[in-house]
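Here's the structure we're looking at; comments come further down.
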Amino acid sequence: MLSRHMNQLDQLKQFTVVVADTGDFGSLKQYSPRDATTNPSLILKAAQMPEYKYILDKTLADSQKASSGGDARLRYIMDDLLVAFGLEILKIVPGRVSTETDANMSFDTEALVAKGKKFIDLYQKNGIGRERVLIKIASTWEGIRAAEILEREGIHCNLTLSFSFAQAVACAEAKVQLISPFVGRIMDRYKKSTGKDFAPADDPGVQSVKEIYSYYKTFGYKTEVMGASFRNAGEILELAGCDLLTISPQLMGELKSSDKPVERKLDPEKARETKIEKISLDEKKFRWRFNENAMATEKTAEGIRTFNADAVKLEQFIKQKL
């Protein structure tokens, strides 16, 4: 437990890497996270903010020189815009940025590998090394295979939309850099199906991350665990000590405004004392375990649809500007 003289956000940073879940640079400067992560929904929101119009204008201008027009130009702008926001974010955070692949590629290993390589190439052309970029891919079987290929080539990945133990195990076996288990969305599903509220310690999303963390530490996996998609500060504090936590500006603000003591809840040494069985998953076993988890199946599919819908909205927004 740490001093009352530090706010909760600074206390949390003593034993967890804090990552900003935003495309808004102003909040990055305000809360000083180490890393930042984006997704199509966040970029859509940021692209429509007047203060970031200059990024969109530059991307549109550059696209006239680099592509012939039509769909090719639109694809160029979409990729370039995601990287442009990533470049601005990297001027502020000292660590890494996660840039998300197209949701409609979530079941196409070859396309995901190509997109990951393209993003890295765009960053490198702008002077950013691959060590500062995570390629964000949905935790489908095909997505995990794409990440495995990219990791072997030294391109690190963030496997997102993760809702099940099966996804976490498959990611670790593929030696991906980082996995993002979605805490709040798991809780949303259980709250809807049971009709009851959950205290942070009993939150099923929190429990899911704790299980994954214990499994990784017990069996020595190097894959980092980054809790994501939080609904309240209580969920975050229950996971204090997790490798990383990606937090919205609103919840970082709540943590910063409180000086209550923060207790470390996750610790690698204690995690290794957990009695847990090691499992191994081929494609058939993965698909069966995943299928048996109705919550994970539904929330992964819903997440992919939502990110794709926001990507389509972003495309429409860009078309209006052309």
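How about region 9-55: which of its residues are charged (D, E, K, R) and surrounded by fewer than 23 Cβ atoms within 10 Å (Cβ to Cβ)?
Of everything in region 9-55, those that are charged (D, E, K, R) and surrounded by fewer than 23 Cβ atoms within 10 Å (Cβ to Cβ) turn out to be 10, 13, 24, 29, 34, 45, 51, 53.
Could you check region 267-293 and list, in sequence order, the residues that are without any contact (Cβ under 8 Å) to a residue 60 or more places away in the chain and either over 21 Å from residue 169 (Cβ atoms) or open to solvent by less than 100 Å² (accessible area, probe 1.4 Å) (or both)?
Answer for region 267-293, where residues must be without any contact (Cβ under 8 Å) to a residue 60 or more places away in the chain and either over 21 Å from residue 169 (Cβ atoms) or open to solvent by less than 100 Å² (accessible area, probe 1.4 Å) (or both): 267, 268, 269, 271, 282, 291.
Take residue 107 and tell me if it is outside any helix (DSSP H, G or I) and closer than 23 Å to residue 228 by Cβ.
Numbers: outside any helix (DSSP H, G or I): yes; closer than 23 Å to residue 228 by Cβ: yes.
So residue 107 fits the description; yes.
So residue 201 clears everything in (1) touching a helix residue (DSSP H, G or I) at 6+ places or on another chain (Cβ under 7 Å); (2) among the hydrophobic types (A, V, I, L, M, F, W, C); (3) modelled with pLDDT of 95 or more except one condition, right? Which one?
Unmet condition: (3).
Matching residues to (1) of a type outside the set (D, E, K, R); (2) out of contact with any helix residue (DSSP H, G or I) (no Cβ under 7 Å at 6 or more places or on another chain); (3) modelled with pLDDT of 95 or more; (4) farther than 26 Å from residue 89 by Cβ:
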position	(1), (2), (3), (4)
135	yes, no, yes, no
139	yes, no, yes, no
147	yes, yes, yes, no
150	yes, no, yes, no
158	yes, yes, yes, no
164	yes, no, yes, yes
170	yes, no, yes, yes
173	no, yes, yes, yes
176	yes, no, yes, no
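Condition first: without any contact (Cβ under 8 Å) to a residue 40 or more places away in the chain and either within 20 Å of residue 251 (Cβ to Cβ) or aliphatic (A, V, I, L, M) (or both). Now tell me which residues in region 32-84 satisfy that.
Within region 32-84, 32, 42, 45, 46, 49, 55, 61, 66, 72, 84 meet the criteria.
Can you tell me which residue is surrounded by the fewest Cβ atoms within 10 Å (Cβ to Cβ) among those in region 201-235 that are among the basic types (Lys, Arg) and farther than 17 Å from residue 177 by Cβ?
Restricting attention to region 201-235, the residues satisfying the condition of being among the basic types (Lys, Arg) are 210, 217, 222, 231.
Now narrow it down to the ones that are farther than 17 Å from residue 177 by Cβ: 210, 231.
Values: 210: 22, 231: 20.
The extreme case among them is 231.
Identify, from the list 84, 72, 61, 20, the residue that is farther than 19 Å from residue 126 by Cα and assigned to a helix (DSSP H, G or I).
Answer to the check: 72.
Of the conditions (1) closer than 21 Å to residue 276 by Cα; (2) buried (at least 24 other Cβ atoms within 10 Å of the Cβ); (3) of a type outside the set (Lys, Arg), residue 146 satisfies every one except a single condition; which number is it?
With respect to (1) closer than 21 Å to residue 276 by Cα; (2) buried (at least 24 other Cβ atoms within 10 Å of the Cβ); (3) of a type outside the set (Lys, Arg), residue 146 is out only on (1).
Exactly one condition in (1) closer than 15 Å to residue 308 by Cα; (2) open to solvent by 10 Å² or more (accessible area, probe 1.4 Å) is not met by residue 160; state its number.
Of everything listed in (1) closer than 15 Å to residue 308 by Cα; (2) open to solvent by 10 Å² or more (accessible area, probe 1.4 Å), residue 160 misses just condition (2).
Residues of region 87-104 being open to solvent by less than 20 Å² (accessible area, probe 1.4 Å), in contact with a Phe, Trp or Tyr (Cβ under 8 Å, 6 or more places away or on another chain) and part of a loop (DSSP other than H, G, I, E, B), which ones?
Residue satisfying the conditions is 101 alone.
Just to be sure, is residue 264 open to solvent by 40 Å² or more (accessible area, probe 1.4 Å), touching a residue at least 60 places away in the same chain (Cβ under 8 Å) and either under 28 Å from residue 138 (Cα atoms) or outside any loop (DSSP other than H, G, I, E, B) (or both)?
no
The values are calculated or read from the model by the stated rules, or taken from the named source; none is laboratory data. Every value quoted in this text rests on a predicted model; they were computed, and no experiment measured them. Please note: Cβ atoms are built from the backbone with ideal geometry, for glycine as well, and neighbour counts cover all protein chains shown. Remember, those area values only see protein heavy atoms, side chains included, never the ligands or the DNA or RNA. Shrake-Rupley method; radii C 1.70, N 1.55, O 1.52, S 1.80 Å.
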